[in-house]
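> Right, I'll just put the structure down here and ask away after.
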Amino acid sequence: MFEGPVQDLIEALRRLPGIGQKSAQRLAFHLLKAPADEARALAESILAAKERVAICRECFNVAEGERCRYCLDARRDPALVCVVEEPADIIAVERTQEFRGRYHVLGGHISPIDGVGPDDLRIRELLARVERGELKEVIVATNPTVEGEATAIYLANLLKPLGARVTRIASGIPVGGDLEYADEVTLGRALEGRREI
Amino acid sequence: MRLEALELVSFRFWESLRVAFPRERTALVGPNGCGKTSILEAAWYVASLSSHRSSSDSALLRRGAASAVVRADISQAGRRERVEVEIVARGRARARRGGASVPRRRDVLGALRAQVFSPERVEIVRGDPAARRRFADELLVQLHPRYHAVSRDYERALRQRTALLRDAAGASRPPAGLEAWDEALVSAGSELLAGRADVARRLAPRAAEAWAAAGGQGELAVAYEPNVPVPAGRAGAAEWAEAMRRRLGERRGDELARGASLVGPHRDEVAITMDGMVARTHSSFGEGWLIAVALVLGAAAAIAEAFADEPVLLLDDPFTPLDPARRERLAGALPAGAQAIVTAADPGEIPETFGGGTLLVREGEVLGA
Ligand SMILES: [Zn+2]
């Protein structure tokens, strides 16, 4: 145990995902040794990101205003939407350069063990987009895990009665993996080979 | 297939050990607690990515170590391959095959095909159905490595679906998302049902042969008793999926009332009988031991037939409770051409007919190689 501001810093760092006690201490002492401007620059970039970055009203991606860059891009097909679990998955899909539609970020997957049900995700909002008649095809690109698959089936059961074409990315990505870690060639092929659920 | 050498780092009691197996038959001889069992356990870990003695990987780590490594040099049809598997208590463990790291640790499955016997394996005969299901699934993975992921997915879907039903127990309406979890359960469950049916079909005649060869009296039978009605004909996963969906429909009310998953391969039985009597309740300890050995040898024969190549036999202390005549017969029942590594506390237990070389295992070292 350290005291005062050092301990506060270690505890704040420990609350970050993937940071344990040891890493938090290492980061804290690294920051303490760093020049003052470096520490200030880091603190300022965190604050600036917090102040300037919002959540897109349309698709729930991170955005610098009310809408994200994909929702603002008029060249993108508004009738085609790719549903992902997290904003980081959008980056993975974009890397493939195979997709020219819009997105919808669910904010996770259904997982009863963790107490996450359909109401805890942005599913109602996706339903509303489909009901407004904007979307012709919904590509479900949740992770190829048990939870991602169950979420995809749940969405298909919900969306198909509304007349939307619901497709799932092909199982080219090894099951159990994260979209985020799939290479762009594999993910591109999975997008291209998508099939109706 | 031959296990040429094995290297253990921070595995169980061993800080660092390299042991070569230049002969087809090897006996590891040493007092109890000297670490000879962990050598076989490490080899089985490379073959199955699991231990037959412990369900948690952290139990495999040497005290104070954050990770362990097992390296195996394997040869098959003149080709030599090195497999390296890392074991960690938490976080992502790595693996290498032929010098290159593989994207997933399970990509090393199939590099070493093996079967393992140990005194704990008597549980397959005399223990809960879970022990028999595990044995069938282990054989399934040896035959088709992709089942490693299938059974993990099934466990995961089952846990999720059970949590959903438990939280909604007694409610009048099914909880939101139940159909999605039904499908997740059916998707992995139907594969597991089809796989186990296939495994039982392959195992049954070969276990009976091994039993007779090892000098067992009476008729040993292995029969799959799945939890869902068996589809007609040679059913594949699609037919099993239909059968499972139908059964889920029938049991929906019970599942909702009890808040539990009542349908699926987690409730299967693989029945083992001796002259029609259930071996679980009707076999003595000695009979149970010999039946377990026969099941392991039968499984090895099923693997040998599927790949036209004998798997490596890892036999921990197989001879101890047997009389000298039985020991002779058991050694004689080991398939010719198969590599066998056995352990014994007393070298006198190992019958002449076993042949091969002896390695002495003492605290911290292996001598006589
Ligand atoms: Zn947006």
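The values are calculated or read from the model by the stated rules, or taken from the named source; none is laboratory data. Note that the structure is predicted; figures quoted are calculated from it, not measured. Methodologically, a virtual Cβ is constructed for each residue, glycine included, from the backbone with ideal geometry; neighbour enumeration extends over all protein chains shown.
> Tell me, which helices (runs of 4 or more DSSP H) wholly within the range A:1-101 include 2 or more residues that are within 14 Å of the ligand (Cβ to nearest atom)?
In the range A:1-101, A:69-72, A:87-96 are the helices (runs of 4 or more DSSP H) which contain 2 or more residues that are within 14 Å of the ligand (Cβ to nearest atom).
> Okay, next question. So, in the range B:166-196, of the ones that are away from chain A (no Cβ under 14 Å) and in contact (Cβ under 8 Å) with a residue 60 or more places away in the chain, which residue ends up surrounded by the fewest Cβ atoms within 10 Å (Cβ to Cβ)?
B:Gly170
> Looking at the range B:81-89, can you tell me whether even one residue there is over 28 Å from B:Glu24 (Cα atoms) and either surrounded by fewer than 16 Cβ atoms within 10 Å (Cβ to Cβ) or over 20 Å from the mean Cα position of the chain (by Cα) (or both)?
Checked the range B:81-89: at least one residue is over 28 Å from B:Glu24 (Cα atoms) and either surrounded by fewer than 16 Cβ atoms within 10 Å (Cβ to Cβ) or over 20 Å from the mean Cα position of the chain (by Cα) (or both).
> Right, here's the next one. Name the one entry in B:Ala235, B:Ala210 that is in contact with a helix residue (DSSP H, G or I) (Cβ under 7 Å, 6 or more places away or on another chain) and either at pLDDT 95 or above or crowded, with 22+ Cβ neighbours inside 10 Å (or both).
B:Ala210
> I've got another one for you. So, A:Ala156, is that one within 23 Å of B:Asp153 (Cβ to Cβ), within 10 Å of chain B (Cβ to nearest Cβ) and more than 17 Å from the chain's Cα centre (by Cα) or not?
For A:Ala156, the condition - within 23 Å of B:Asp153 (Cβ to Cβ), within 10 Å of chain B (Cβ to nearest Cβ) and more than 17 Å from the chain's Cα centre (by Cα) - is met.
> I've got another one for you. I want to confirm something. Restricting to the range B:98-115 and keeping residues that are in a strand (DSSP E or B) and at pLDDT 95 or above, which single residue is farthest from the chain's Cα centre (by Cα)?
B:Ala114
> Kindly establish whether B:Thr37 is assigned to a helix (DSSP H, G or I) and crowded, with 19+ Cβ neighbours inside 10 Å.
It is true that B:Thr37 is assigned to a helix (DSSP H, G or I) and crowded, with 19+ Cβ neighbours inside 10 Å.
> Moving to a separate point now. Test B:Gly356 against the stated conditions and say whether it is in contact with a strand residue (DSSP E or B) (Cβ under 9 Å, 6 or more places away or on another chain) and either farther than 23 Å from B:Ala292 by Cβ or hydroxyl-bearing (Ser, Thr, Tyr) (or both).
When the stated conditions are applied, B:Gly356 does not pass them.
> Conditions: (1) more than 9 Å from chain A (Cβ to nearest Cβ); (2) over 16 Å from the mean Cα position of the chain (by Cα). B:Ser118 meets all but one. Number of the miss?
Going through the list (1) more than 9 Å from chain A (Cβ to nearest Cβ); (2) over 16 Å from the mean Cα position of the chain (by Cα), B:Ser118 breaks only (2).
> If you don't mind, there's one more thing I want to ask. Considering each of B:Asp73, B:Asp107 in turn, give the residue that is within 14 Å of chain A (Cβ to nearest Cβ) and in contact with a Lys or Arg (Cβ under 7 Å, 6 or more places away or on another chain).
Unique residue meeting the criteria: B:Asp107.
> Sticking with this structure for a sec: Identify, from the list B:Val230, B:Val199, B:Val222, the residue that is surrounded by 23 or more Cβ atoms within 10 Å (Cβ to Cβ), more than 12 Å from every other protein chain (Cβ to nearest Cβ) and not in a helix (DSSP H, G or I).
Answer to the check: B:Val222.
> Next question, about the same structure. Please find, among B:Gln76, B:Gln142, the residue that is under 20 Å from B:Val312 (Cβ atoms), of a type outside the set (Val, Ile, Thr) and surrounded by fewer than 19 Cβ atoms within 10 Å (Cβ to Cβ).
B:Gln76
> Also, quick follow-up: Which one of these is over 30 Å from A:Ala182 (Cα atoms) and among the aliphatic types (A, V, I, L, M): A:Ala92, A:Ala39?
A:Ala39 is the lone residue from the list that is over 30 Å from A:Ala182 (Cα atoms) and among the aliphatic types (A, V, I, L, M).
> Among the residues that make up the range B:311-324, is at least one of them on the phi > 0 side of the Ramachandran plot, in contact with a strand residue (DSSP E or B) (Cβ under 8 Å, 6 or more places away or on another chain) and assigned to a loop (DSSP other than H, G, I, E, B)?
yes
> Within the group B:Ala338, B:Ala308, which residue is surrounded by fewer than 23 Cβ atoms within 10 Å (Cβ to Cβ), over 19 Å from B:Ala221 (Cα atoms) and in contact (Cβ under 8 Å) with a residue 24 or more places away in the chain?
Exactly one of B:Ala338, B:Ala308 is surrounded by fewer than 23 Cβ atoms within 10 Å (Cβ to Cβ), over 19 Å from B:Ala221 (Cα atoms) and in contact (Cβ under 8 Å) with a residue 24 or more places away in the chain, namely B:Ala338.
> On the given criteria, is A:Val166 within 14 Å of another protein chain (Cβ to nearest Cβ), without any contact (Cβ under 8 Å) to a residue 60 or more places away in the chain, in a strand (DSSP E or B) and in contact with a strand residue (DSSP E or B) (Cβ under 8 Å, 6 or more places away or on another chain)?
Judged against the criteria, A:Val166 is a match.
> Pull up the range A:127-147, narrow it to residues that are in a helix (DSSP H, G or I) and surrounded by fewer than 24 Cβ atoms within 10 Å (Cβ to Cβ), then point me to the one that is nearest to the other protein chains (Cβ to nearest Cβ).
Checking each candidate, the answer is A:Leu127.
> Considering only residues of the range B:120-135 that are among the acidic types (Asp, Glu) and part of a helix (DSSP H, G or I), which is farthest from B:Leu314 (Cα to Cα)?
B:Glu123
> Could you grab me the full set of residues in the range B:40-61 that are part of a loop (DSSP other than H, G, I, E, B) and touching a Lys or Arg at 6+ places or on another chain (Cβ under 8 Å)?
Within the range B:40-61, B:Leu49, B:His52 qualify.
> Out of curiosity, is B:Thr26 under 30 Å from B:Ala336 (Cβ atoms) and part of a strand (DSSP E or B)?
yes
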